[in-house]
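Working notes for the structure below.
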């Protein structure tokens, strides 16, 4: 490990295998079979996103299949690492997921008492660990990382008190980001429920059937240099003072609904409260004068996008077909009442989302210098305290 970056005098490097329990890294169920609605839930690659395990679309396997993979049955506290496709996604298993299992493309890592799950999670997310994983992965069919390479990953080992303090600083940022994401998801759910409830209360005679084109201006996205893409969303890049002026020709003023036009998720919608750069795989849908943008966004969510999709190799959305869709517009008195409530929910959700992106940027900036010992904990704590 002589090529590794230098560490503080009282730190050192060890291989991952030396920091985990004997046999403490394994991959999961190779052939899960058919979905079993009464079976055991498993974690797949698509369930790991941005350091979290998303459980809303869990695949369940039969108990007879799962029973053959007791070595990867989860208890809580394990570190999960994706091995296939999106190599290098990392998350810690919460206690409430005890009894779950994982798919073949996920490694289950059980730390030894010499280190902690939090430290391994943060280290595996570090640029150095990610560089080794991507350097060692094979790409014959799709990116794959072998367990033998996972075991030999270099891990920085600081004194225990520093390890704990660094993990707590980064963990506090992760917790706040997760809290904000929960707030955003809650406001989205409330807004959808509110709009659906208002729609049910309307009698058909009260509605105003009109083509969607009467309500929106369709603004196609433009080619955007890849270095300006945001980690937070695949369709739009939110404005910031540092680069807004340089790319003003790509900028659309919010509030707008951003819609994916090309790719497997064409038709997916994203709300943008403020200014946004919209790339050429998407469109901005701006409310015409007299149309409440919050009501329009929720109205768009009620449209079935399937009839307007085309293409097999590279799916795309037939925008002309979508714009000709007849929608029922609530009368003005209902739009004003519902729009005000939706506006309040949108503002709360957007505020949480913006703060999450800011904190994620801070965490990503702190990660390398903290994990290498270059930045001391007390300095990082001061930065985090000011940010939160």
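The values are calculated or read from the model by the stated rules, or taken from the named source; none is laboratory data. In this text, all values refer to a predicted model and were calculated from it rather than measured experimentally. With ideal geometry, Cβ positions are generated from the backbone for all residues, glycine too; neighbour counts draw on all protein chains shown.
Which members of the range 140-153 meet the condition of being more than 14 Å from residue 88 (Cβ to Cβ) and part of a loop (DSSP other than H, G, I, E, B)?
140, 141, 152
Determine which single condition residue 137 fails, assuming it passes every other condition in (1) more than 25 Å from residue 92 (Cα to Cα); (2) touching a residue at least 24 places away in the same chain (Cβ under 8 Å); (3) more than 21 Å from the chain's Cα centre (by Cα).
For residue 137, the failing item is (1).
Inspect all residues belonging to the range 18-35 and state whether any of them is in a helix (DSSP H, G or I), modelled with pLDDT of 90 or more and in contact with a helix residue (DSSP H, G or I) (Cβ under 8 Å, 6 or more places away or on another chain).
Within the range 18-35, one or more residues are in a helix (DSSP H, G or I), modelled with pLDDT of 90 or more and in contact with a helix residue (DSSP H, G or I) (Cβ under 8 Å, 6 or more places away or on another chain).
What are the residues in the range 268-296 that are buried (at least 19 other Cβ atoms within 10 Å of the Cβ), within 17 Å of residue 188 (Cβ to Cβ) and under 21 Å from the mean Cα position of the chain (by Cα), if any?
Those that are buried (at least 19 other Cβ atoms within 10 Å of the Cβ), within 17 Å of residue 188 (Cβ to Cβ) and under 21 Å from the mean Cα position of the chain (by Cα): 271, 272, 273.
Suppose we keep only residues that are modelled with pLDDT under 90 and surrounded by 13 or more Cβ atoms within 10 Å (Cβ to Cβ) within the range 4-17. Which one would you say is nearest to residue 123 (Cα to Cα)?
My answer is 7.
What number of residues within the range 32-44 are in contact (Cβ under 8 Å) with a residue 40 or more places away in the chain and within 17 Å of residue 70 (Cβ to Cβ)?
Result for the range 32-44: 5.
Picking from 170, 153, 194, which residue would you name as being in contact with a helix residue (DSSP H, G or I) (Cβ under 8 Å, 6 or more places away or on another chain), surrounded by 14 or more Cβ atoms within 10 Å (Cβ to Cβ) and in the same structural domain as residue 22 (by TED's automatic domain parsing)?
The unique qualifying residue is 153.
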